[in-house]
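Asker: Handing you this structure, nothing more for now.
The values are calculated or read from the model by the stated rules, or taken from the named source; none is laboratory data. Worth saying up front: this structure is predicted, and the values here are computed from it rather than measured. Cβ: placed from backbone, ideal geometry, glycine included. Neighbour counts: every protein chain shown. Heavy atoms of the whole protein, side chains included, go into the accessibility calculation; ligands, DNA and RNA do not. Shrake-Rupley method; radii C 1.70, N 1.55, O 1.52, S 1.80 Å.
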Amino acid sequence: MIRDLPVADRKHVRQAALRLIRRDVPGFTATLLLNGLAAAAALISPWLLGRIIDTISAGGIIDLLAAIAVGGALLQLILSRYAEKIGTRFSERTQEHIRQELLDRVLALPAATVEHIRTGDLTARGTTDVGVVGRTLRDAAPAVLISALQALFLVAAVFLVDPLLGACGLLALAGIAAASRWYLRRARAAYLEEGAARSELAEHLAANAAGARTIEALGLQDRRTRAAERVIERSRVAQLRTLFLRGVLWPSVEVSALLPPVLVLLLGGVLLDSGQVTLGAVVSCVLYFRQLQQPIETILIWMEQLQSGGASFARIEGLQTPATQTPVAAPDPRDDLIVATGVHFAYESTDDVVTGVDLTVRPGERLAIVGPSGAGKSTLGKLLAGIDRPRLGTVTVGSVPVADLSPAQLREHVVLVTQEQHLFLGTVRDNLHLADPTADDNHLEKALAAVGADWVASLDDELGSRSSGTELGPDRVQQLALARVILADPHTVVLDEATAMLDPRTARRAERSLAAVLEGRTVIAIAHRLHTARDADRVVVMEGGRVVEVGTHDQLIAAGGVYEALWSSWHGSRP
Ligand code: ADP
């Protein structure tokens, strides 16, 4: 079942933001303090200018006042520079932490979840969204913080100079408040939709690239193009919507921001005439309100970035698995017994393909699962290995649901080996450390020797990179995967066509490697070739999603049922 990854709600985003601040309280406090001081220093000059005017009107000397004004401007310059530097450092540290946390979360996703999420969505969150949050933290958040502080101080300063002028200026600011409220109410949903559309587009592109050959072979170009057009249209509509929101917000705020100085001038003129204020006070207030325009514009410019940053942050924070939301990890399994009870499983598009399966796999046992193609063998294998979670019923290892185990716990207990193996970019050592990060070189070399990977010259050999490293054939990739199984040292291995893709000669070698890996472990083999079944301790026969027979090879042959029929047709058709 393919699922969209969740998006964190507002409450969760707020908590996550607070958590980030709490991680770096000194950095955050220093940023806030320095920015506050810089904003306060910016208030000195306009106030002094008012005083200078009043002093000149009264015929006084202004040398000292002028010198202080210059000093104030210098102080503000120095403080702002420092504030910016400290703020940027705080942002960079926080950004690094978010990236690290995202990586940890992706790696901690249970296999059952990873199997069913859209790679495009995950990729978009790991790249575009992290980038957007990074830019927001680096540029938008400090700019908005500074501007908000400046605006606050400026309004407070106007009130201190003259409360009446302050009140009238503030009245005009109500327009900004109304426009911002209108915008903020709609922005979150709009930017989340923009992010979701972006993910779908990435998903679509990735699917087309991955399935290009199939698309060409089946002549599906037109259909895929139509689907792409629909996805692009969704993205276009989403972007137009956010553009519209900005289109309303910007002019409203710009006009509202122009009003206070105008109103103050008008009212100031009247009050000046009646002698209620001095000329200096009016000039100071007008200057303050003029200054207010700059932080308001800065906030506006960054508002979009802040909104899309918030939406991206919600998408990154949404990447919390139920397991990571509740930090209680699954308890460690008590023993090595694997028990499936009343297991049903369906894929998104199918009815149950595994139906009411009860099965106990005893430690040390070699179990073969056989049956016609499509009987549900591979699906049962994935359920037993904890890759999928049963729709109904339970699969437990040592009494703990196997799909609840963390990846680290799971690989100590059950490992699924299929023909689909991956090579990771890095050295041979990196590739092996995935299975056991604590293993020393001696262990790694022993594991390589056990699977017969004598072609590895050095653990430092680079793998998987086309430009610099060695490209490995599928048999060698498989050998590395098997060496990883030895290092993970699970008590149970589920094998599903592990050597099917290899040519017969390499397959024989791979089977020898495999034999070394299986030594002393419980083995559940999905047997596509029946000779594996003959050597097994017990054979489970599946048909139409059900287990229809269980017994040893000899018992089942004697019973003359489904297995006997499979065996004779396979035996008969052998060259
Ligand atoms: P077997 O291993 O016995 O050949 P599978 O477990 O692979 O059988 O498949 C059982 C049924 O589930 C089949 O009908 C198959 O078409 C279907 N199936 C397998 N994988 C998927 C999937 N990823 N999505 C939808 N249906 C699937």
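Asker: Is it possible to state the helix-based mean residue ellipticity at 222 nm for the chain, with each DSSP H run of 4+ residues giving -39500 (n - 2.57), the sum divided by total residues, to the nearest 500 deg cm²/dmol? What is it?
Answerer: Helices in the chain give a 222 nm mean residue ellipticity of -21000 deg cm²/dmol.
Asker: Taking all protein chains in place and a 1.4 Å probe, what share, in percent, of the accessible surface of the chain do carbon and sulfur account for?
Answerer: 59 percent
Asker: Further question on the same structure: Relative contact order of region 10-322: what whole-number percent is it, with Cα pairs under 8 angstrom and at least 6 residues apart?
Answerer: 32 percent
Asker: State the volume of the convex hull built on the alpha-carbon positions of region 10-322, expressed per residue in Å³ and rounded to an integer.
Answerer: Hull volume normalised by residue count: 139 Å³.
Asker: Which aspartates and glutamates have a Cα less than 18 Å from the Cα of Lys85, not counting those fewer than 8 places away in the same chain?
Answerer: Asp24, Glu96, Asp139
Asker: Something else about it: Tell me the per residue accessible area of region 10-322 using a 1.4 Å probe; a whole number in Å² is fine.
Answerer: With all protein chains present, region 10-322 gives 52 Å² per residue.
Asker: Compute the length gained on full extension between His97 and Leu272: take 0.36 nm times their separation in residues and subtract their Cα-Cα distance, giving the result in nm to one decimal.
Answerer: This chain segment gains 57.4 nm when fully extended.
Asker: Here's a follow-up. Just to confirm a number: summing +1 for Lys and Arg and -1 for Asp and Glu over residues other than Ser458 whose beta-carbon lies under 12 angstrom from that of Ser458, what do you get?
Answerer: After counting each charged neighbour, the total is -4.
Asker: To continue, here is another question. Fully extended, how many nm does the chain gain between Arg391 and Glu462 (0.36 nm per residue separation, minus their Cα-Cα distance)?
Answerer: 21.4 nm
Asker: Roughly how many nanometres apart are two label points built 7 Å out from the Cα toward the Cβ at Thr360 and His12?
Answerer: My value for the distance between the label points is 4.0 nm.
Asker: For His571, His204, what's the largest-to-smallest order of accessible area, 1.4 Å probe?
Answerer: If we order His571, His204 from most to least accessible, we get His571, His204.
Asker: Antiparallel DSSP bridges in the chain: what percent, to the nearest 5?
Answerer: Counting DSSP beta bridges with both partners in the chain, the antiparallel share is about 50 percent.
Asker: Under the definition of Cα pairs under 8 Å and six or more residues apart, what whole-number percent is the relative contact order of the chain?
Answerer: 16 percent
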